[in-house]
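Below is one structure, written out as structure tokens, with a few remarks after it.
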Amino acid sequence: MGWDYVKNYAWRDAASFEMLGAVSDLNELMRAVAELARLDSEAERAAWLRGHYADVLRVSKSLLGRLLKVFRQSVPIREVVETVQREVIEGELLKDCLEIGTNDLKGLIQVVKDIALQFSSTDTGRSDL
């Protein structure tokens, strides 16, 4: 999938409110990951995960649901989102990322957020939505 494909086709029919909701979910995930990353000891991180994992999972499910709505007509991107959704729910991908690599997860969330912000702001003025 190239950048032109994402820009010109996949995001074309994105509903602004879904994109704004996705950005809100991404902001919430960024705050949680940043909070977890600040903890020094493994014991603190384990305690944080026990206390916050359900909320992070809820927000992740919301985000993935919104992205599925945004990409309802874009088969390649929709398949990627569905795969990630399946791995988060069934394969515990989110838990593994939180336990092992918060900096990588934080970077990925920021990239998705930046793309969402860019396209939600450019799509609001489009007449072909």
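Derivation of every value follows stated rules applied to the coordinates shown; laboratory data play no part. In this text the structure is predicted, and so the values were computed from the model without any measurement. Quick reminder, even Gly has a Cβ in these numbers, built from the backbone with ideal geometry, and neighbours come from all protein chains shown.
Tabulated results
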item	result
Per-residue ³J(HN,Hα) for segment 30-35, Karplus 6.51 cos²θ - 1.76 cosθ + 1.60, θ = phi - 60°, Hz, x for Gly and Pro	4, 4, 5, 5, 5, 4
Residue exposure sequence - Arg31, Arg45 - by fewest surrounding Cβ within 10 Å	Arg31, Arg45
³J(HN,Hα) computed for each position of segment 66-79 - Karplus, 6.51 cos²θ - 1.76 cosθ + 1.60, integer Hz, glycine/proline x	5, 5, 5, 5, 4, 9, 5, 9, 9, 4, x, 6, 4, 5
Stretchable slack from His52 to Glu90, in nm (0.36 nm times residue separation minus alpha-carbon distance)	11.8 nm
Segment Ser62-Asp114, length gained on full extension (0.36 nm per residue, minus Cα span)	16.9 nm
Linear extension gain, Asn103 paired with Ala43, 0.36 nm per residue minus alpha-carbon span	19.8 nm
Three-way shape label, segment 14-123, alpha-carbon gyration tensor, a/c 1.5	prolate
FRET efficiency for Asn27 and Val75, using Cβ-Cβ distance with R0 set to 35 Å, rounded to 0.05	0.80
Segment 52-58 - phi-based ³J(HN,Hα) in whole Hz, Karplus 6.51/-1.76/1.60, Gly and Pro as x	10, 4, 4, 5, 5, 5, 4
